[in-house]
Each structure stands twice: as structure tokens, then as C-alpha cells.
Amino acid sequence: MNNFQFHNTTKIIFGKGTELQIAEEIKPFTNRVLLHYGGGSIKKTGLYDSICTSLTKAGIDFIELPGAMPNPRLGLVREGIALCKKEHIDFILAVGGGSVIDSAKAIAAGFYYEGDVWELFSGIEIKKALPLGCILTIPAAGSESSPHSVVTNEKGWYKRAIHSSFLAPKFAILNPELTFSLPAFQTACGVSDIMAHLMERYFTKVQKVDLTDRLIEATLKSVIRNALIVKDNPDDYDARAEIMWAGTIAHNDLLETGRVGDWGSHDVEHELSAMYDVAHGAGLSVIFPAWMKYVYNEHIAKFVQFFNRVFGVEIDIDSDERTVLEGIKRLENFFREMGLPVTLKELGVTDDRKGEMADKAAEAAPLGNFKKLFRDDIYAIYQIADI
Ligand code: NZQ
Ligand code: ZN
């Protein structure tokens with residue numbers, strides 16, 4: 001196990017009706033907020049009305065910025081920064097999924113930065129940001145307690161990330177009931193992303209990480225079990241609650257303590273969602289199995305352990321490879337059962353821009369840690385996914 005520091009500062013408020021606490025959570029920070037949300041799901045579910053009532057009753061002024069899209073765009077981030085400056089905003093409340101929260105984080109980071117906010121995405125250190133809090137409506141990205149924000153620049157369709165402890169939300173309200181309204185496909189995309197966050201951390205070459213190996217395995221097993229329950233019973237509170245808490249646990253860095261995560265599949269996927277505007281989770285259900293097929297020989301014992309413990313694959317003592325290939329098949333079958341794609345064609349990608357995507361991804365090469373990926377490796381993974 002490697003040395004580590006672990007410090008996650010986001011206060012989690014979890015459970016039924018917790019969105020009603022929104023005013024008391026904001027009060028210590030301000031009485032003037034930017035209310036940032038997406039394409040309108042919060043209006044359909046009544047969450048918007050409930051928040052407005054709570055804020056108004058508590059005397060908290062709010063300016064609205066709707067319209068954060070899945071794969072949130074830089075254009076709206078710039079608009080948000082200008083709006084916050086004009087309206088003297090000093091706190092952002094993000095209500096929605098990872099896209100809304102990431103958009104809010106980018107606004108928060110850009111608010112104090114003197115240059116254009118996109119410059120921060122090339123690695124300039126973030127020295128200050130507006131504080132923000134969130135009400136989460138889809139378990140998936142883990143942005144509710146992560147220090148990351150991923151934004152798409154419409155100019156050139158680059159999807160890039162920023163990282164700073166200043167971007168970790170001050171609080172995150174998680175009411176599983178707010179996820180009952182998710183369409184089955186969005187639920188499945190969230191499950192795929194949560195699983196990917198766990199698997200990115202699992203596949204490490206750091207030795208003797210038994211505790212975190214087993215915590216990741218248990219979290220994955222719980223996610224898979226409860227995803228199948230939710231598929232048939234979308235209003236099952238208990239199953240929704242397990243998935244929602246797992247989504248936070250999967251990405252709050254506890255499960256990366258003492259180990260080095262891979263993150264190659266995420267970087268390879270980001271080109272897909274930037275180029276084709278597909279859901280991140282759907283891109284991952286295509287890329288992750290392809291990545292596994294490409295890299296398992298790097299440390300096959302880790303894959304054997306994974307598929308034996310998480311997917312119950314019997315170990316074939318004559319062939320590690322057969323064990324692993326059976327495991328990858330079971331992972332793909334699970335994704336299919338959830339209604340997710342596992343090939344580029346199933347994702348709706350019918351033209352061939354694999355070379356272009358590999359070139360763009362390789363600008364940040366090498367990607368990943370389990371196996372360092374260069375341009376030709378990245379291309380080969382797209383190729384495996386394109387069957
Ligand atoms: O926009 P609205 O109308 O709200 O609809 C959303 C959106 O269309 C809908 N939705 C959300 N909650 C709902 C709901 N519909 C009905 N009922 C509800 N309760 O779901 C759609 C997808 O929302 P989105 O926020 O895009 O999903 P997700 O949370 O999966 O976020 C994806 C983004 O997060 C980034 C991804 O790259 C992607 O851009 N990520 C962020 C990370 C981070 N900040 O740490 C890490 C992740 O690996 C990921 O890269
Ligand atoms: Zn992800």
C-alpha cells in the first residue's frame with residue numbers, strides 16, 4: 001500500500017425529504033445564490049418549486065441559470081461567470097446531475113480567474129473559487145463530492161477536466177426519492193459510470209491493497225445487485241438508496257487510498273462524448289470492456305481475482321485467459337441487460353473518426369497507469385470497440 005492523505009470535505013446530507021433542508025445549509029454562507037440547473041427535469045418533478053419555496057421563505061435571493069446540458073458546455077459557463085459578477089453572487093447552488101454540478105464548478109473557478117476560464121483547463125492552478133453546494137438528482141458522476149469538473153469546449157469539441165480542492169461542494173443533498181423519475185437508460189448510464197469509477201481504481205499495479213480491493217469489490221456487487229432491482233422496480237427506495245450512496249463512495253477518493261487509479265478508459269471515453277455527444281456512462285460501457293481486452297495481459301492475476309470475486313467466475317486453473325474472457329463476457333452481458341451499448345455501433349457511432357479521436361486523446365498521452373496508453377494503443381481500443 002502506498003502512503004496517502006485522505007481528506008474529503010463535502011458534508012453529505014442523505015435521505016428522504018432532505019432537500020427541504022436547503023435553506024439552512026445555505027444560510028451560513030450567504031443570502032444570495034445562483035440557482036443553476038439543467039434542461040428542466042427538476043421542474044417536471046416538482047423539485048424546482050420546492051427549492052424556490054424554501055429559499056424564498058428563508059429570505060435567500062436567487063438568480064437562475066438554467067440550461068446546463070449533458071456534457072456541459074463552455075459557452076454557458078462563460079455566461080454563468082458574467083452573470084455571477086453582474087449580480088454579485090457569492091454562492092452557487094447546483095441542482096441536477098454531474099453536468100449541472102460540473103458547470104457550476106467551472107463557473108465557480110472562472111469567477112476569480114482574470115483570464116478566460118478555458119485556460120484553467122490546460123492545467124493552470126486554481127487558487128480560489130466561489131463556494132458551491134448541490135442537490136443531486138442522478139447517481140453517476142460522483143461530482144457531488146469530487147474536486148473535479150469536466151466541461152466541453154464547443155470550439156473544437158474538446159472535453160477536458162479541472163481539479164482543485166476549491167471545487168469540492170460544501171454540501172451535497174442526496175435524496176434517493178429524487179431519482180425515481182430517472183428514465184431507465186439514464187439510470188443505467190449512471191450505474192455504468194459508478195462501476196467505471198470503481199474499476200478505474202481497482203486496476204492498479206500497486207501491490208498489497210487488500211482492504212481497498214475488497215471495499216471496491218463489495219461496492220460493485222451492491223451496485224450490480226441493486227441496479228437489477230431498480231430496472232424492474234424504479235420506485236424501490238432501498239435499492240435507489242444503495243446505488244446513490246455507492247455513487248458517492250465510488251468517487252470520493254476513499255477507495256483510491258494507498259493505490260494508484262488507472263483512468264485511461266475515462267480519458268478514452270471523453271473523446272467519444274465530446275465528438276458524438278453521447279452519455280458518458282454509455283460511452284464507458286463500450287470503452288471499458290474494450291480496454292480490458294486490450295490490457296488484461298499486463299497483470300492477468302488482478303483480472304482473474306476481479307472476475308472471480310465480483311462476477312463469480314469459476315477460476316479455470318488451466319487458463320487465466322479463459323477465466324478473464326468469460327468475466328469480460330459477463331460484464332458485457334450485465335451492461336446489455338441494463339440496456340446499455342457495448343460496441344461503438346450499438347452506441348450509434350457509425351462513421352469512422354477513430355483516428356481523429358485517438359489523435360486528440362493522445363495530446364495528453366500517456367493516458368492511464370495500469371498500462372500507459374499512447375496514440376496507437378488508444379486507436380487499438382477504439383478498434384476493439386468497433387466490432
Ligand atoms: O438536464 P435535465 O433536464 O435535468 O435532465 C438530465 C439529463 O438529461 C437527466 N436527469 C437528471 N436527473 C434526473 C433526470 N431526469 C429525470 N429525473 C431525474 N431525477 O439526466 C440527464 C443526464 O444528466 P447528467 O447530469 O449529464 O448526468 P451525469 O450525472 O451522468 O453527468 C455526466 C457528466 O459528468 C461528467 C461526465 O463526463 C459528464 O459530462 N463527469 C464528471 C465527473 C466529476 N465531476 O467528478 C467524473 C465523471 O467521471 C464524469 O466524467
Ligand atoms: Zn465517470
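The values are calculated or read from the model by the stated rules, or taken from the named source; none is laboratory data. Keep in mind that this is a model prediction, so the values were computed, not measured. Backbone-built Cβ (ideal geometry, glycine too); neighbour counts: all protein chains shown. Just so you know, the surface numbers come from the protein's heavy atoms only, side chains and all, with ligands and any DNA or RNA stripped out. Shrake-Rupley method; radii C 1.70, N 1.55, O 1.52, S 1.80 Å.
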Inset, instruction - Say whether the condition of being over 24 Å from A279 (Cβ atoms) and either among the β-branched types (V, I, T) or at pLDDT 95 or above (or both) is met by at least one residue in the stretch 326-349. - result: yes
Inset, instruction - Restrict the check to the stretch 120-135 and report whether at least one residue is modelled with pLDDT of 95 or more, more than 26 Å from S192 (Cα to Cα), among the aromatic types (F, W, Y) and not assigned by TED's automatic domain parsing to the domain that holds H197. - result: no
Legend entry - Those residues of the stretch 161-201 which are of a type in the set (S, T, Y), within 16 Å of ligand 2 (Cβ to nearest atom) and under 30 Å from S122 (Cα atoms), in sequence order: S192
Inset, instruction - Scan the stretch 265-288 for residues that are in contact with a Pro (Cβ under 9 Å, 6 or more places away or on another chain), within 11 Å of ligand 2 (Cβ to nearest atom) and in a helix (DSSP H, G or I) and jot them down. - result: S273, H280, G283
Inset, instruction - With respect to N252, determine if the residue is within 16 Å of ligand 2 (Cβ to nearest atom) and either closer than 16 Å to S192 by Cβ or at pLDDT 95 or above (or both). - result: yes
Legend entry - Answer residue from the stretch 146-158, given it is outside any strand (DSSP E or B) and at pLDDT below 95 and is nearest to ligand 2 (Cβ to nearest atom) among those: W157
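With the stretch 159-249 as the region, which helices (runs of 4 or more DSSP H) entirely inside it contain at least 1 residues that are over 25 Å from V342 (Cβ atoms), away from ligand 1 (no atom under 11 Å from the Cβ) and at pLDDT 95 or above? Step through it out loud before you land on a result.
On the way: elements: 184-202, 210-232, 237-249.
Helices (runs of 4 or more DSSP H) meeting the threshold: 210-232, 237-249.
I'd like to check something: does the stretch 367-381 contain any residue that is within 17 Å of A282 (Cα to Cα) and either assigned by TED's automatic domain parsing to the domain that holds H299 or surrounded by fewer than 22 Cβ atoms within 10 Å (Cβ to Cβ) (or both)?
In the first step, residues of the stretch 367-381 are kept if they are within 17 Å of A282 (Cα to Cα); the result is 381.
With the extra rule that they be either assigned by TED's automatic domain parsing to the domain that holds H299 or surrounded by fewer than 22 Cβ atoms within 10 Å (Cβ to Cβ) (or both), the set shrinks to 381.
Checking the stretch 367-381: at least one residue is within 17 Å of A282 (Cα to Cα) and either assigned by TED's automatic domain parsing to the domain that holds H299 or surrounded by fewer than 22 Cβ atoms within 10 Å (Cβ to Cβ) (or both).
Can you tell me which residue in the stretch 84-101 is most open to solvent (accessible area, probe 1.4 Å), limited to those that are assigned to a helix (DSSP H, G or I) and within 16 Å of ligand 2 (Cβ to nearest atom)? First the steps, then the outcome.
Filtering the stretch 84-101 for residues assigned to a helix (DSSP H, G or I) gives 84-86, 98-101.
Adding the requirement that they be within 16 Å of ligand 2 (Cβ to nearest atom) leaves 98-101.
On the way: G98: 16, S99: 31, V100: 8, I101: 0 Å².
That would be S99.
Taking helices (runs of 4 or more DSSP H) that do not extend beyond the stretch 1-81, which have at least 2 residues that are free of Cβ contacts under 8 Å to residues at least 24 places away in the same chain? Steps first, answer last, please.
Working: elements: 22-26, 41-44, 47-57.
Passing ranges, in order: 47-57.
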Inset, instruction - Determine whether the stretch 125-143 contains at least one residue that is open to solvent by less than 10 Å² (accessible area, probe 1.4 Å), within 17 Å of D267 (Cβ to Cβ), within 16 Å of ligand 2 (Cβ to nearest atom) and of a type in the set (A, V, I, L, M, F, W, C). - result: no
